[in-house]
Amino acid sequence: MLLRILPLILILLSGAAALANPCQEPAVVITGISLSGNETTKEQVMLRELTFAPGDTILAENLEPLLEENQRRLFNLRLFHHVNYTYTCSEGQVQVAYQVQERFYLYPIPIFDFADRNFNAWLEKKDWSRIDYGLNLIRRNFRGRNEEVRVRVQRGFNKRLELGYRIPYVWRKYNIGADFSVADYRSRTISYANLNNRQRFFEQESGMPIRRSSVSAALVHRQNVQRQAGLRLSYFNEHISDSVAFLNPEYYREAQQERQYTRLELYRVINRRNDFAYPTAGSYFEAIVAQTMFLQNSGSPFTTARAKYVQYVPLSDKYSYMVGAEGQLRLAGKHAFADNVALGFRSYVRGYELYVVGGQHYGLFKQGLTRQLVDIKSINLKFIHNPKFNSVPLAFYLNAFTDAGYVVDDVFEQGNPLTNRLLLGSGLGLHAVTFYDIVLRLEYTLNREGDTGLYFSARFPF
């Protein structure tokens with residue numbers, strides 16, 4: 001029995017190993033850093049994330065906080081299941097050791113998804129023909145250098161083919177990385193207009209009413225895992241059928257059926273959350289400015305600016321509070337319906353999942369109080385022998401929230417009463433978090449219109 005629990009005891013005590021041999025000197029020198037468990041990951045990938053190096057002098061009272069901070073930095077690379085550390089201190093000299101448990105890096109994820117914006121939008125129709133299927137293949141930590149290769153082959157109602165490659169460093173001296181992607185999208189249906197803030201769909205019996213292809217390349221300045229900035233250049237070619245152009249001549253405006261355009265995008269991300277999958281402390285900031293230019297007189301150029309800031313405040317061991325805001329400005333001489341996207345897709349007020357609120361500008365506010373119900377560090381699956389899969393963490397959180405949003409639409413607001421109106425939603429949710437950053441949410445909501453509903457989602461709320 002003792003032999004079985006001894007490894008567990010050693011792991012639990014590893015983070016506090018220094019207590020057995022505390023540093024007596026007021027300042028210490030880091031004389032060495034060792035890494036173990038990284039069978040695939042190159043050492044330089046891990047060492048680049050650390051904020052200290054051999055030869056650094058550190059106040060003894062700051063040593064533990066420094067090692068814990070860097071433990072989180074390594075964990076937030078999302079390359080490891082667990083990151084632990086130990087250190088020894090002798091005559092003012094410190095040897096640090098980080099131990100990691102690597103994840104499985106090849107993700108052959110079957111695609112079986114709903115063709116609508118979210119599960120509840122599909123559930124309203126209950127049309128089993130509106131199903132997408134295929135394979136999403138992701139190879140993370142490619143070559144052990146934290147590179148990523150992405151291949152998506154999707155059939156069914158919406159057809160997609162996507163290829164992508166991300167490399168964190170192409171110019172190491174300046175921490176410059178790159179991201180490349182190419183995509184092709186075709187669908188049997190298209191949302192050609194909104195009425196009463198509901199999408200109006202046109203489905204073509206033969207052929208595809210919409211086709212979209214794109215090529216994108218980006219340079220990314222990666223200061224560290226928490227701070228990044230990038231410059232992305234993309235090219236798009238889009239085509240709709242003559243039936244769609246007839247139903248809504250404003251869909252592409254001047255282009256009528258086909259348009260080509262380039263988009264230059266500058267973005268900045270500062271991610272200081274304690275956990276990238278389900279944060280309970282820290283902050284998150286992102287800002288994006290994009291200029292879209294149309295080719296061959298196929299549209300009017302427009303500028304988009306979007307920003308988001310969220311603060312996560314730990315109140316106790318079990319409770320945390322989240323508050324954040326997001327906003328968008330879109331400036332153009334003329335607006336096409338295809339670009340009139342605000343709330344209802346990537347961002348929305350909870351309680352309005354079944355609605356689409358189009359517009360040029362929007363503001364969104366969210367807050368929530370979270371209580372941790374269960375936090376199981378590891379469920380051992382004895383029938384699985386691979387250590388990358390046989391240990392499953394599981395946590396449950398109870399979340400009470402309120403959301404507010406406002407959309408400004410001066411072009412397509414007619415017949416859509418939720419535009420230019422304050423949207424309010426609140427509710428109670430149960431959130432589950434498990435391995436490989438999977439977050440599942442089940443939320444009961446009430447909105448300003450008096451609608452109630454039970455909604456399911458598979459991503460973090462904000």
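The values are calculated or read from the model by the stated rules, or taken from the named source; none is laboratory data. Please read these numbers as outputs of a predicted model, since none were measured by experiment. Heads up, the Cβs are rebuilt from the backbone with ideal geometry, glycines too, and the neighbour counts pull from every protein chain shown.
Screening region 174-234 for strands (runs of 3 or more DSSP E) wholly inside it with 3 or more residues that are of a type in the set (D, E, K, R) returns the ranges 176-187, 198-203, 210-222. Just one residue in the set Leu59, Leu63 is surrounded by 17 or more Cβ atoms within 10 Å (Cβ to Cβ), closer than 19 Å to Gln24 by Cα and at pLDDT below 95; that residue is Leu63.
Of the residues making up region 167-194, those that are farther than 22 Å from Met208 by Cα and either at pLDDT below 95 or among the hydrophobic types (A, V, I, L, M, F, W, C) (or both) number 13.
The criterion of at least 1 residues that are assigned by TED's automatic domain parsing to the domain that holds Arg371 and touching a Pro at 6+ places or on another chain (Cβ under 7 Å) is met, among strands (runs of 3 or more DSSP E) falling completely within region 248-331, by 282-295, 302-314.
Residue-level analysis places Val374 outside the set of residues that are surrounded by 15 or more Cβ atoms within 10 Å (Cβ to Cβ), farther than 30 Å from Val244 by Cα, touching a Leu at 6+ places or on another chain (Cβ under 9 Å) and of a type outside the set (Gly, Ala, Ser). Among the residues of region 340-357, the ones that are modelled with pLDDT of 95 or more and of a type in the set (D, E, K, R) come to 1 in all. Taken over region 301-318, the criterion of being over 18 Å from Leu231 (Cα atoms), surrounded by fewer than 16 Cβ atoms within 10 Å (Cβ to Cβ) and either hydrophobic (A, V, I, L, M, F, W, C) or more than 16 Å from the chain's Cα centre (by Cα) (or both) is satisfied by Pro301, Val313, Pro314, Leu315, Ser316, Asp317, Lys318.
Hey, any hits in region 378-386 for a residue that's surrounded by 14 or more Cβ atoms within 10 Å (Cβ to Cβ) and either among the aromatic types (Phe, Trp, Tyr) or touching an Asp or Glu at 6+ places or on another chain (Cβ under 8 Å) (or both)? Checked against the condition, which is being surrounded by 14 or more Cβ atoms within 10 Å (Cβ to Cβ) and either among the aromatic types (Phe, Trp, Tyr) or touching an Asp or Glu at 6+ places or on another chain (Cβ under 8 Å) (or both), region 378-386 yields no hits at all. Taking region 422-448 as the search range and keeping residues that are surrounded by 16 or more Cβ atoms within 10 Å (Cβ to Cβ) and of a type in the set (D, E, K, R), which one is farthest from Phe276 (Cα to Cα)? Only one residue fits best here, namely Arg448. Of everything in region 133-152 that is within 24 Å of Met208 (Cα to Cα) and more than 21 Å from the chain's Cα centre (by Cα), the residue that is modelled with the highest pLDDT is Gly134. Has region 193-206 got at least one residue that is closer than 30 Å to Val45 by Cβ and surrounded by 15 or more Cβ atoms within 10 Å (Cβ to Cβ)? Within region 193-206, not a single residue is closer than 30 Å to Val45 by Cβ and surrounded by 15 or more Cβ atoms within 10 Å (Cβ to Cβ).
Going through Ala218, Ala255 one at a time, which residue ends up being in contact with a Phe, Trp or Tyr (Cβ under 9 Å, 6 or more places away or on another chain) and either under 30 Å from Leu195 (Cβ atoms) or surrounded by fewer than 17 Cβ atoms within 10 Å (Cβ to Cβ) (or both)? Among Ala218, Ala255, only Ala255 is in contact with a Phe, Trp or Tyr (Cβ under 9 Å, 6 or more places away or on another chain) and either under 30 Å from Leu195 (Cβ atoms) or surrounded by fewer than 17 Cβ atoms within 10 Å (Cβ to Cβ) (or both).
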